[in-house]
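The values are calculated or read from the model by the stated rules, or taken from the named source; none is laboratory data. Small disclaimer: the values here were computed from a predicted structure and weren't measured. Note: ideal-geometry Cβ built from the backbone for every residue, glycine included; neighbour counts use all protein chains shown. Heads up: the accessible areas ignore ligands, DNA and RNA and are worked out on the full protein's heavy atoms, side chains in. Shrake-Rupley method; radii C 1.70, N 1.55, O 1.52, S 1.80 Å.
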Amino acid sequence: MTSPHHPTDFLHDLRLRSAAEGGVFWIDDDQLAVFEPNAARRVSGANWQRLVMHDRLVDMIRRRPSTPVRWSRVRTAWLTQLHRLTTGEHNAKLITRMEQIIDARLGEDVDLVMLAQDVAVRSMLPVALSGLTPREAAQIGRDLDQKLIRLIDRHPGDGLRHHLRFVAVQIRAGLVVRRVLRERASGRRARELDLADPVVDMLPELGMDRALDVVTSVLTAIGGPPGAAAASTLYEFARNPEWARRLGAELRGVDPADFCAAPTKAAPVTHRFVKEVLRMWSPPLLLVRRSRLSFDLGTTRLEKGRGYMLSPHMIHRDHRFWQQADTFDPDRFLPGAPHGPVGRGYYVPFGWAPKKCVGADIGTTQLMALCYLMCTRYRLTVPDAEKITMVYRFAPVPQKFRGRLAFA
Ligand code: HEM
């Protein structure tokens, strides 16, 4: 979010301007909003085509370019690992980790935004980076926590002391990642089935700095959107008792292994519910990018080096593309529903190729599992749920969203 204004107002202004100006308009001298679905797809596709990683530090020291490594290789390696990680056994482990985190908080009056974040991030951490000692996991966890506070808190703290502490925690987390990669490469630590592991084989080409960047990008990716989506799922679950009942009726007869493998077939109501949560409340709200090339977008030109913004949220709430765009109704995803998506490219909660979220499937599985646990293992009580409102930070965040969980 780049505006000095309150983000909720900023987003509201962007929506009005987007509707008035056809989705592509200059926000200021340096930022082009690209909220029109076809333009967003084209810009993303062209901008990231043949993306390579350079090692700027090595380039500067050696005064000659390092070996470029194609980003698509990293993505392919991630997708291969994720394919191996989405078996029945691994999904069951993911759900068990989620249960353990919730079980520890049963009976307390909890901040459900922070609980949702904890459940989503800590259960997903081993997918990104596993085999950590408790101390290492705590160091990585502290860094993820402080970054999250920056993203969701209006007053995350400032001043030099705060900044230095932030940097120190970030450096310590970086040292953990470096040590893990180094020790896996030298055989002093076991190789693991996680998203960091392919980087070990690529270390000779990447070098440690770029390797750290790759692992950090996964940690950043699991540190924000999955938890925000989990909080929004709990929010809609608490506010829509009728939907909670429908989900319960479906999920009580389903084996989690089945909905993990085939969500639409095994638990269609729950899958529609999760899809609608991701339409209404897509995190992150704005993807801020810099153009690597010049583009002609018909009404305007985006020159190389200028900034642009994409936003699944803006597309999902655009009344030109979605009937009753601001109404929560999972049944819009029933085939042939009049208020359903008007075509491909209008429902984009995981972004655009070739940078589209690699965790889309496992992220969806996790949200379905959260619904499953809320319906089968726990009972969620939220006083005055209908009064809870959403505010816009990096993602939509329910305000004063507190409640209690007990065993069902
Ligand atoms: C419901 C949960 C999630 C949502 C809504 C979400 C959403 C997104 C979005 C919008 C992007 C940017 C795409 C673009 O630039 O066009 C992204 C990127 C990414 N996501 Fe997710 N994500 C989720 C879960 C996950 C999970 C669980 C993982 C890892 C296990 C993950 C890994 C990534 C990575 C690595 C990228 C960067 C891809 C690249 O730069 O090539 N995400 N995600």
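Here is how the numbers come out for the structure above:
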item	result
Accessible-area value, D29, 1.4 Å probe, nucleic acids and ligands omitted, Å²	130
Dimensionless Rg ratio for the stretch 359-408, taking C-alpha atoms and the 2.2 N^0.38 Å reference	1.36
For the stretch 159-219 versus the stretch 54-117, the gap between their alpha-carbon centres in whole angstrom	12
Sequence of H339, H162, H54 when ordered by accessible area, the most exposed leading, probe 1.4 angstrom	H54, H162, H339
DSSP bridge pairs, the stretch 7-407: antiparallel proportion in percent, nearest 5	85
Accessible area of L144 in the full protein assembly, 1.4 Å probe (Å², nearest 10)	20
The stretch 138-189: Rg to Rh, with Rh as the Kirkwood radius over Cα pairs	1.14
For the stretch 134-151 and the stretch 375-408, distance of Cα centres in Å	23
Order of exposure, largest accessible area first, which applies to K400, K387 with probe 1.4 Å	K400, K387
At R0 = 45 Å, FRET efficiency that the Cβ-Cβ distance of T80 and R150 yields, to 0.05	0.90
Relative contact order (percent, whole number), the chain, Cα cutoff 8 Å, 6+ residue spacing	24
Solvent-accessible ranking of H319, H163, H6, H313, largest area first, probe 1.4 Å	H319, H163, H6, H313
Long-range HN-HN contacts of Y308 with modeled amide H, under 5 Å	L32, R289, R290, S291
Under 12 Å, Cβ to Cβ, from G305 - net charge with Lys/Arg +1 and Asp/Glu -1	+3
For the stretch 32-79, convex hull of alpha carbons as volume per residue, Å³	119
Rh (Kirkwood; distinct C-alpha pairs) - the stretch 73-144, Å	13.7
Longest site-free stretch - the chain; sites: GluC sites (Glu not before Pro), DSSP loop, at most 13 other Cβ within 10 Å	109-302
Per-residue [θ]222 nm for the chain (sum of -39500 (n - 2.57) over DSSP H runs n ≥ 4, rounded to 500)	-18000 deg cm²/dmol
Shape box of the chain [Cα atoms, principal axes, largest first, Å]	64, 56, 45
Dipole axis of the stretch 7-407 (+1 Lys, Arg; -1 Asp, Glu on Cβ), positive-most option in V274, P338, A385	V274
Over the stretch 201-346: Rg over Rh, Cα atoms, Kirkwood Rh	1.07
Selection of trypsin sites (Lys or Arg not before Pro), the stretch 222-260, meeting DSSP coil and at most 15 other Cβ within 10 Å	R252
